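Before any comments, here is the structure.
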Amino acid sequence: MERIGLVDVKGVISSVPVDVLMEWQRYGRERDRVGLEKRSRERGHVVDQITMIEDCQGIGMKHLYMPAVDVYKEVLKMSEEQYPETLRRYLLVNPPTIFPIAYKMLSPFVDPHTLQKIIIVPTDPEERNKVLAQYVDPKYLPEEWGGTCTNHPVGRCIPPGGKFNPLSPNGTTYFPTGTIVGRRGKHEVEVQVEQVGTKITWKFAVKSNDIGFAVYFKGDTKEEIVASTRVDSKVGQVTGEHVAAKAGTYLLVWDNSYSNLRKKELTFEIALVVP
């Protein structure tokens, strides 16, 4: 079961390389394959297909972000070529108003035999629950769908999803991260340094015009470590580093407060090198 409507699609695509996303998808398919083999042994007969439920509530035009659509296509291609006939049926719950658009975009890349496995579940709660019960044991369905599953760690059978956070707990980035710095605004990232001598490194680029950049140490007062400078987009990617003379919180600031008219599109990376 999945709730793709609650996924921050643009956040994931802009923060995680496509090859990593594809490896994660392959891991999921391999996990399913191992699970099917286990159930085959437990039941004494071959179990080689799965039923997938997709809760589409919350899906909107933001999910048709073209870089994400390209990834969807790659996932479909990989699934059909490397794991053929693993899917028994695909149940779509709460289909959104944009479903016809999404279907038109993706269906040419799906095998016709696979398209026949898609079942659009009625939106009426009573009818929805009846249809789901025809294909899935109620013990695997959440209570809101007429089931009895309550064993998820957060009290639900389906994880709630949420907005992707591209920053680790210490403020470094997992992958190159994009953001929009609004007019008269700033983008600030706090980086936690635990050991003296740790090297803070950064890379960034602004798509157009320019943006200010500075680094501070946050103690009793804010101490400027790297002097504020305006960086022009024509420079391309800017790299820099600072060796921490003391442990604590460092603040990386991209400043657009001087611009009354233009927002700035920023891409950045932050890393720590511990001695």
Query raised in the report: When the residues of segment 216-232 are filtered to those that are over 20 Å from residue 176 (Cα atoms) and hydrophobic (A, V, I, L, M, F, W, C), which remaining residue is surrounded by the fewest Cβ atoms within 10 Å (Cβ to Cβ)?
Result: 227
**Report entry** Options 235, 196; residue that is over 29 Å from the mean Cα position of the chain (by Cα) and surrounded by fewer than 12 Cβ atoms within 10 Å (Cβ to Cβ)
**Finding:** 235
Query raised in the report: Is there a residue in segment 26-33 that is among the basic types (Lys, Arg), open to solvent by 80 Å² or more (accessible area, probe 1.4 Å), more than 16 Å from residue 102 (Cβ to Cβ) and touching a residue at least 40 places away in the same chain (Cβ under 8 Å)?
Result: yes
Requested in this report: Could you list all residues from segment 239-253 that are part of a strand (DSSP E or B), of a type outside the set (S, T, N, Q) and either farther than 21 Å from residue 221 by Cβ or open to solvent by 50 Å² or more (accessible area, probe 1.4 Å) (or both)?
Outcome: 240, 241, 243
Report summary line: Within segment 153-167, the residues that are under 14 Å from residue 53 (Cα atoms) and either surrounded by 18 or more Cβ atoms within 10 Å (Cβ to Cβ) or at pLDDT 85 or above (or both) are 157, 158
Query raised in the report: Which one of these does residue 213 not meet: (1) at pLDDT 95 or above; (2) exposed (fewer than 14 other Cβ atoms within 10 Å of the Cβ)?
Result: (2)
Report summary line: For segment 234-253, pairs from a residue that is closer than 10 Å to residue 193 by Cα to a residue that is polar (S, T, N, Q) and assigned to a strand (DSSP E or B), with Cβ under 7 Å and 6 or more apart or across chains, are 249/192
Query raised in the report: Does segment 51-67 contain at least one residue that is in contact with a strand residue (DSSP E or B) (Cβ under 6 Å, 6 or more places away or on another chain), surrounded by fewer than 15 Cβ atoms within 10 Å (Cβ to Cβ) and either without any contact (Cβ under 8 Å) to a residue 40 or more places away in the chain or among the β-branched types (Val, Ile, Thr) (or both)?
Result: no
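For every residue, the table says whether it meets (1) of a type outside the set (Lys, Arg); (2) in contact with a helix residue (DSSP H, G or I) (Cβ under 8 Å, 6 or more places away or on another chain); (3) under 21 Å from residue 184 (Cβ atoms).
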{"position": "209", "(1), (2), (3)": "yes, yes, yes"}
{"position": "216", "(1), (2), (3)": "yes, no, yes"}
{"position": "219", "(1), (2), (3)": "yes, no, no"}
{"position": "223", "(1), (2), (3)": "yes, no, no"}
{"position": "227", "(1), (2), (3)": "yes, no, no"}
{"position": "239", "(1), (2), (3)": "yes, no, no"}
{"position": "250", "(1), (2), (3)": "yes, no, no"}
{"position": "262", "(1), (2), (3)": "no, no, yes"}
Report task. Would you mind finding the one in 46, 20 that is open to solvent by 30 Å² or more (accessible area, probe 1.4 Å), of a type in the set (A, V, I, L, M, F, W, C) and in a helix (DSSP H, G or I)? Result -> 20
Query raised in the report: Regarding residue 221, is this residue touching a strand residue (DSSP E or B) at 6+ places or on another chain (Cβ under 8 Å) and under 21 Å from residue 244 (Cα atoms)?
Result: no
Report task. Quick one: which residue in 13, 59 is of a type in the set (Val, Ile, Thr), under 27 Å from residue 135 (Cα atoms) and either at pLDDT below 90 or out of contact with any helix residue (DSSP H, G or I) (no Cβ under 8 Å at 6 or more places or on another chain) (or both)? Result -> 59
Report task. Considering only segment 63-93, state which residues are touching a Ser or Thr at 6+ places or on another chain (Cβ under 8 Å) and of a type in the set (S, T, N, Q). Result -> 79, 86
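The values are calculated or read from the model by the stated rules, or taken from the named source; none is laboratory data. Please read all numbers here as calculations on a predicted model, not as lab measurements. Positions of Cβ are generated from backbone atoms using ideal geometry, with glycine treated the same way; all protein chains shown enter the neighbour counts. Accessible surface areas use protein heavy atoms only, side chains included; no ligands, DNA or RNA. Shrake-Rupley method; radii C 1.70, N 1.55, O 1.52, S 1.80 Å.
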